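I have placed the structure first, in the form of structure tokens, so that the comments after it can refer back to it.
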Amino acid sequence: MPPIFGTSGLRGLVTELTDDLVHAHIRAFLAACPHGGTVHVGRDLRDSSPRIAATVIDAIRGAGLAAVDCGAVPTPALALSAMARGHAAVMVTGSHIPADRNGLKFYLSGGEIAKSDETAILDALRTGGAPDAAQGSLEQDPDCAARYVARYVDGFGAEALSGLRIGVYEHSSVARDTLGEIVEGLGAEAVRLARSDSFIPVDTEAVDPDTRAALAGWADEHALDAIISTDGDADRPMVADAQGAMIPGDVLGPLTARLLGARIVVTPVSSNTLIDRVDGIEVRRTRIGSPFVIAGMEAALAENASAAVVGYEANGGFLLGFAARGPNGALAPLMTRDAVLPIVAPLAAARAEGRGLAQLAARLPPRFTAADRLQEVPSERSMALIETLRRNPDARAAFFDTGSAEAGIDETDGLRVTFANGEIVHLRPSGNAPECRLYTEADSPDRAQALLAHHLDRLAARLREAG
């Protein structure tokens, strides 16, 4: 599958992310989008990222702009640093996908690029990007991650997690050191776990059984109050409770929104419907992908510039659209997916109430989700199956098996089928990887998992037949 530029930026096999291809996309970005004369550059911990980051910096400087090299830093830390100075940013990362792939994420001075920016970049890619100019300057920024740590220590206070033992699953997350510093800065003891010298593609939305077993084992072995981690570039959180059981991203989102006093929540159609039952919150649904969430947040702010609006995705990435207050201080808006806020806020809320994370989550309306993906499936094959199911009720009846009649379908993004018993099964082809995503929702976690396993087997069988 050749490199694709889309909702999550540019992604592809490392062998196909040539210097020329990377250079062309950077020059297209510079021609199409405002940048403030300077572009900040960060990278994750993949073996291929330093080479690609060097190419990005060369392309920026070759266009006559200043480049700020932030090194290996979390994506939201890079965005926060660039936004504070009114500059653009480029993150070299493949996020949660395997190490043989990589990519670029693009940021403006206000946050992530929107769909309109994506279109402009593609147009510039076809017509020619920013031309060569006298070489721009290069600045090193060794304090980018430290400012990100300070954001949360200042906002939540040095005692916010006092007395807690928090496991930090380090693996190859670019935030592994940063997470430990934040936990300790908030007064907890950080227990560092499973640091890896090789890249591990952790997908916080589809955690494999071996990792779930490891989380439970660490929680018991080290007497932990919680375990935290992120995906590779740290814009998606992973949180487990004192038993090592996962707290899904679309549960962390409502907990965080409630702590911050949000009044409008923008979230994709795939997120847990429990948020629709939380009093005092208006929910606006979008297609899947942070650009769509951002567009929904911007629409809310256009209606009311002081709206207390936030966004989150089912993967847990949280976007703050207003000047909020933490328990100890201000939290400036950050219109990009952030992993740390939906980690720290629920932990701080649970500690302040004298509860565990599981108890805190249990106070939300009882709806449960599960998600996984079928990998190495061409997108066109997934889309063909979904189209067949979309237009043919008999095909849907044969494929979906919940023991209940179909009550309705939602085609906002992929095919989301709701059944008379309230259960939901949702199919969606990935927009940036050869994967087909599967989401389920039910009134118990066991039932959501059973629906997931059953329909994942059916999905694999159907897509193998089509191959």
Quick query: amide H of L138 versus all other amide H atoms, modeled in the peptide plane; which residues come in under 5 Å with a sequence gap of 5 or more or a different chain? A67
So what are the ³J(HN,Hα) numbers for the range 360-368, from phi and the Karplus equation (6.51, -1.76, 1.60; θ = phi - 60°), rounded to whole Hz, Gly and Pro as x? 4, 5, 5, 7, 7, x, x, 10, 9
With R₀ set to 45 angstrom, the calculated FRET efficiency between the beta-carbons of T127 and E353, to the nearest 0.05, is 0.20
Could you tell me the extents of the chain's C-alpha atoms along the three principal axes, largest first, rounded to whole Å? 67, 54, 47
Please work through the chain and write down the cysteines that have no neighbouring cysteine Cβ at a distance under 4.7 Å. C33, C436
FRET efficiency for M383 and A461, Cβ-Cβ distance as r, R0 = 25 Å, nearest 0.05? 0.90
By the gyration tensor of its Cα atoms, with a ≥ b ≥ c the square roots of the eigenvalues, what is the shape of the range 325-367: rounded for a/c under 1.5, prolate for a/b over b/c, or oblate? oblate
Tell me, rounded to the nearest percent, the portion of alpha carbon pairs in the range 243-314 spaced more than 16 Å apart. 44
Would you compute, from DSSP H runs of 4+ residues alone, the mean residue ellipticity of the chain at 222 nm, taking -39500 (n - 2.57) per run and dividing by the full residue count, rounded to the nearest 500? -11500 deg cm²/dmol
Got a sec to turn the phi values of the range 120-126 into Karplus ³J(HN,Hα) couplings, 6.51 cos²θ - 1.76 cosθ + 1.60 with θ = phi - 60°, whole Hz, x for Gly and Pro? 5, 5, 5, 4, 5, 5, 7
Arranged by the count of other C-beta atoms within 10 angstrom, fewest first, what order do D443, D132, D413 take? D132, D443, D413
Can you give the relative contact order of the chain as a percent, counting alpha carbon pairs under 8 Å and 6+ residues apart? 13
Derived scalar couplings ³J(HN,Hα) [the range 184-190; Karplus, 6.51 cos²θ - 1.76 cosθ + 1.60; whole Hz; x for Gly, Pro]: 5, x, 9, x, 8, 8, 8
For the range 147-362, report the convex hull volume of the alpha-carbon atoms normalised per residue, in Å³, without decimals. 109
Note on the range 4-142: alpha-carbon gyration tensor, axes a ≥ b ≥ c; rule is a/c under 1.5 for rounded, else prolate if a/b larger than b/c, else oblate; result rounded
With the radius of gyration and the Kirkwood radius both derived from the Cα set of the range 367-419, what is their ratio Rg to Rh? 0.97
The answer for L331, listing residues at least 5 apart or on another chain whose modeled amide H is closer than 5 Å to its amide H, is A324, R325, G326
Taking the Cβ of D457 as the center, what net charge do the other residues with Cβ under 12 Å away carry, scoring Lys and Arg +1 and Asp and Glu -1? +1
Fewest-first sequence of F322, F106 by Cβ atoms within 10 Å of each Cβ: F322, F106
extent check for the range 107-208: Cα max minus min per principal axis, descending, whole Å, gives 58, 34, 27
When T412, T15 are arranged by how many other beta-carbons sit within 10 Å of their Cβ, fewest first, they go T15, T412
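Bear in mind that the values in this text are calculations on the coordinates, not laboratory data. Computed from a predicted model, the values in this text were never measured in an experiment. Quick reminder, even Gly has a Cβ in these numbers, built from the backbone with ideal geometry, and neighbours come from all protein chains shown.
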